[in-house]
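Here the structure comes first, spelled out in structure tokens, and everything after it is commentary.
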Amino acid sequence: MDVARVRAAGGVAPLGAPAVTGRPARTAAVRLRAAACAVGCLVLGLALQVLDRSVAVDVAGSVLYVLLVGFIVVVAAPRPPPLAVAAIGFAVAALVELAQLTSIPAAIVDAVPVARLVFGSSFDPLDLVAYAAGALLLWPLARAIGSGGERTRGTTPQKISTPAR
């Protein structure tokens, strides 16, 4: 039984066809790679906190923020296409940055000081540029860890033909 035919039929093999295996193991492997990348982003981001503040450190932290969000998305749902993962990473980071134009993040940070690591301290338009750079980096990284499934460029699912009666 051709795997593409099974997928085209909604993932259900006809009665008597051999079972298609590998998807749960593949999904687990994608999640594991994404989790490892997320942990790496956290470690690097926390390491940046001990460095003196500079434009380079701020940009690196902003890029890591987008990467972290994207890898968390892949851990939660490993099937979105890499471009969608990058777009979600950028959108979440940009929304948090734009929220800094309100008093809400400051109130949260006042109540829970460690939340500054998530919500930041003040709006900086340079962060939006860094988030875009992070999304551009996240796109191929998400593809490399396997987000989006087993599709390869240039292939299309095969149509199942039914015999004429």
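The values are calculated or read from the model by the stated rules, or taken from the named source; none is laboratory data. Only a predicted model underlies this, so the values are computations on that prediction, with no experimental measurement involved. Methodologically, a virtual Cβ is constructed for each residue, glycine included, from the backbone with ideal geometry; neighbour enumeration extends over all protein chains shown.
Quick notes
- Elements of type helices (runs of 4 or more DSSP H) contained in the stretch 1-95, each with 3 or more residues being closer than 24 Å to A144 by Cα and modelled with pLDDT of 95 or more: 23-48, 55-76
- Checking each residue in the stretch 21-34 for being touching a residue at least 24 places away in the same chain (Cβ under 8 Å) and surrounded by fewer than 15 Cβ atoms within 10 Å (Cβ to Cβ) picks out R26, A29.
- P113 being closer than 24 Å to V66 by Cβ, more than 23 Å from the chain's Cα centre (by Cα) and at pLDDT below 95: yes
- Test result for P140, at pLDDT 95 or above and loosely packed, with under 13 Cβ neighbours inside 10 Å: yes
- Test: residue in the stretch 127-136 that is surrounded by 12 or more Cβ atoms within 10 Å (Cβ to Cβ) and at pLDDT below 95: no
- Flag not set for F90, criterion: over 18 Å from L136 (Cβ atoms) and aromatic (F, W, Y).
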